[in-house]
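In what follows, a single structure is set out as structure tokens and then discussed.
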């Protein structure tokens, strides 16, 4: 059985078409060279089905040219997994570090205006009162410095409380972002499934979905399970966010206990529920120690009139601490004396001695916050470096290199030219056959 | 990819520049506790220690001023006592006439009043010889020599946990109506008026010598305290200086180092920009026809 004369024409045409498609893909890559999240694509060429001819003497297969089998996204799934794991750590580290930096700003230590220096001034004022307990001016100074110390405590506690509220707002906003990402992943899922069912390759939709997933990983610990026809099941913190084309709206109650372990959401929740309340509790302990010990000593002392002292501070903790109104109005009521004599400042001296219990407790709180913030900053630095490195590696795999695209452009252009040359060679051959043969007798 | 790492590197360099800029403008190595948590807590301790130290210096200076007032008063009383002893010796002379003794008695009474006036010495509105009843005048003018103060001590803290008594009770220094210098003076005046030469030569002389010993003792106490305070002030000053140095080492930026870091980072930043500008520009397109 003979092979058709026109087979060569068809083969050359396939070459022309395939090179054209490859050129199209290259042009698409170049056009998207600076598109965020774009994955470099490649037209995968493969020989088309061979023509089997069974001549008795020469059995064999004849090549019939080339076909584009697939438009492939150049993506390393393993890099995606690595990058997303680090993105999750980065999201968590960023939220923690941001929160703690604000705590540090509120703390304002070491400085000449923080609570530590207010404490120093307060102790010095007691010593001054002990030096001249008869003097109303020193007592006035003491009462004023105690009032500004109390205000310092209240302000710091108030700022911490504001940070808790901010963390709460952030949790809500982050959840809203996660939900909106989930909804978009679900709706993209529908389009992707449609395209895949129809046998086409929705590369750009897949890119968009991958980008959404990248962002989702920043927010929490995410698992992604692929199903048939590109359907994805996405869970966030142990709760199902997307199931195929259906997105759920998550609230804080959706997460199973211990489900949310990493990412921005988990970090914000830890900040809100553990870290900040812990600092507030520590500050509260410092303040309540100051209140109770001062009041005990003060009540056992005597004021300028020789009468027993009342409460020096009112309130129970950092949020309510204040100097007793009676003392503010008449500082003569400060019980500086241990015996009731106006010249005796022994009680004031023992009150000044309270600094040995209060100062170290406060300094410990500052150290704790500092160490936490330092740790968070270090984690953030690490995560940034890793994410940068992995993003660069992914970019080197999936990103568009203009040099490479230019080379491809040349390659496919030449391929196209050569296929066209093959076509004209065939044409000349057939022309020879048609116009020069069979002319015997003409 | 190149542009990405270039951007990351530039951002890192500007971050470092900003940190150095912070240090330069504040002069502080420690901006936040997280810069060095241990250093920050050390800085807090040093600051608290410094404030305490300065307060102790104030306390010691104040106590020293108190001692000066007390010493001046005691020295005056000492002079008055010596004068009284002189008068006593003159009055005890058996050849002296009654009228002369009467006039000596008058002067002795005046001396007693002067002693009480000195014992009412004040420092900053407080009576220094009244015990802790510093607002009560210890001795009233006139014939009554009763001591209105008390014998409680007043203390000053001049170091962590180190206290010093600053006062002495008037009754222990010049006595009251029944003991001490004042009693001796009143006895002398009475005996002079009564021409009791025996008493004047015997018990009165002993009494005034004993009172003078009491005074000398009180001045010795004041002197010893002044010495202790001066030592304490010098020591506190030295401690302040070294704590200040330590605080500065912990907290302050080493300007020479920071400035060198600054110019290094600036050079790094400029070369990164320059290299970036040259690397990013060319592509294969420049070389294809």
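Miscellaneous remarks
- Unique residue being more than 30 Å from residue A:36 (Cβ to Cβ), within 14 Å of chain A (Cβ to nearest Cβ) and over 36 Å from the mean Cα position of the chain (by Cα) when the list is B:109, B:9, B:35: B:35
- Residue among A:400, A:366 that alone is touching a helix residue (DSSP H, G or I) at 6+ places or on another chain (Cβ under 6 Å), in contact (Cβ under 8 Å) with a residue 24 or more places away in the chain and outside any helix (DSSP H, G or I): A:400
- Subset of the stretch A:1-16 (residues that are crowded, with 19+ Cβ neighbours inside 10 Å and at pLDDT below 90): A:8
- For the stretch A:88-126, the set of residues classified as within 11 Å of another protein chain (Cβ to nearest Cβ), in a loop (DSSP other than H, G, I, E, B) and under 15 Å from residue A:154 (Cα atoms) consists of A:108, A:114, listed by residue number.
- Summed over the stretch B:9-44, the residues that are free of Cβ contacts under 8 Å to residues at least 24 places away in the same chain and under 30 Å from residue B:277 (Cα atoms) give a count of 6.
- Residue match in the stretch B:85-94 (condition: in a helix (DSSP H, G or I), more than 9 Å from chain A (Cβ to nearest Cβ), under 30 Å from residue B:260 (Cβ atoms) and free of Cβ contacts under 8 Å to residues at least 40 places away in the same chain): no
- Output for the stretch A:279-299, where each listed residue is within 22 Å of residue A:359 (Cβ to Cβ) and touching a strand residue (DSSP E or B) at 6+ places or on another chain (Cβ under 8 Å): A:290, A:291, A:294, A:295
- Check on residue A:332, buried (at least 17 other Cβ atoms within 10 Å of the Cβ) and within 14 Å of chain B (Cβ to nearest Cβ): no
- From the list B:171, B:132, B:178, the one residue that fits, being free of Cβ contacts under 8 Å to residues at least 12 places away in the same chain and either over 16 Å from residue B:78 (Cα atoms) or more than 11 Å from chain A (Cβ to nearest Cβ) (or both), is B:178.
- Against the test of being within 30 Å of residue A:316 (Cα to Cα), in contact (Cβ under 8 Å) with a residue 12 or more places away in the chain, touching a strand residue (DSSP E or B) at 6+ places or on another chain (Cβ under 9 Å) and assigned to a helix (DSSP H, G or I), the options A:154, A:209 yield a single qualifying residue, A:154.
- From the list A:19, A:61, the lone residue that is closer than 30 Å to residue A:402 by Cβ and either assigned by TED's automatic domain parsing to the domain that holds residue A:405 or loosely packed, with under 15 Cβ neighbours inside 10 Å (or both) is A:19.
Okay, residues lined up against (1) part of a loop (DSSP other than H, G, I, E, B); (2) modelled with pLDDT under 90; (3) crowded, with 24+ Cβ neighbours inside 10 Å:
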| residue | (1), (2), (3) |
| --- | --- |
| B:143 | yes, yes, no |
| B:158 | no, no, yes |
| B:185 | no, no, yes |
| B:195 | yes, yes, no |
| B:198 | no, yes, no |
| B:206 | no, no, no |
| B:219 | no, no, no |
| B:223 | no, no, no |
| B:232 | no, no, no |
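- Pick from the stretch A:362-372, criterion crowded, with 19+ Cβ neighbours inside 10 Å and facing chain B (nearest Cβ under 7 Å), ranking: nearest to residue A:277 (Cα to Cα): A:369
For every residue, the table says whether it meets (1) within 9 Å of another protein chain (Cβ to nearest Cβ); (2) in a helix (DSSP H, G or I); (3) under 20 Å from residue A:130 (Cα atoms).
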| site | (1), (2), (3) |
| --- | --- |
| A:341 | yes, no, yes |
| A:360 | yes, yes, no |
| A:376 | yes, yes, no |
| A:384 | yes, yes, no |
| A:404 | yes, yes, no |
| A:412 | no, yes, no |
| A:417 | no, yes, no |
| A:421 | no, yes, no |
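- So residue A:357, is it more than 23 Å from residue A:81 (Cα to Cα) and in contact (Cβ under 8 Å) with a residue 12 or more places away in the chain: yes
- Restricting attention to the stretch A:35-63, the residues that are modelled with pLDDT of 90 or more and under 20 Å from residue A:16 (Cα atoms) total 8.
- Of all the criteria given as (1) modelled with pLDDT of 90 or more; (2) at the interface with another protein chain (Cβ under 10 Å from one of its Cβ atoms); (3) farther than 23 Å from residue A:139 by Cα, the one not satisfied by residue A:390 is (2).
- Residue check for residue A:395: modelled with pLDDT under 90 and either in contact with a helix residue (DSSP H, G or I) (Cβ under 8 Å, 6 or more places away or on another chain) or within 10 Å of chain B (Cβ to nearest Cβ) (or both): yes
- Number of positions in the stretch A:132-158 that are crowded, with 24+ Cβ neighbours inside 10 Å and at the interface with chain B (Cβ under 9 Å from one of its Cβ atoms): 1
- Members of the stretch A:343-358 found to be part of a helix (DSSP H, G or I) and either within 27 Å of the chain's Cα centre (by Cα) or surrounded by fewer than 21 Cβ atoms within 10 Å (Cβ to Cβ) (or both), listed by number: A:350, A:356, A:357, A:358
- Matching residues in the stretch A:423-442 - criterion: being in a helix (DSSP H, G or I) and more than 60 Å from the chain's Cα centre (by Cα): A:425, A:426, A:427, A:428, A:429, A:430, A:431, A:432, A:433, A:434, A:435, A:436
- Residue check for residue A:196: part of a helix (DSSP H, G or I), without any contact (Cβ under 8 Å) to a residue 40 or more places away in the chain and more than 21 Å from residue A:398 (Cα to Cα): yes
The values are calculated or read from the model by the stated rules, or taken from the named source; none is laboratory data. Since the structure is predicted, the reported quantities are computational estimates derived from the model, not experimental observations. When we count neighbours, we look across all protein chains shown, and the Cβ atoms used for this are built from the backbone with ideal geometry, even at glycine.
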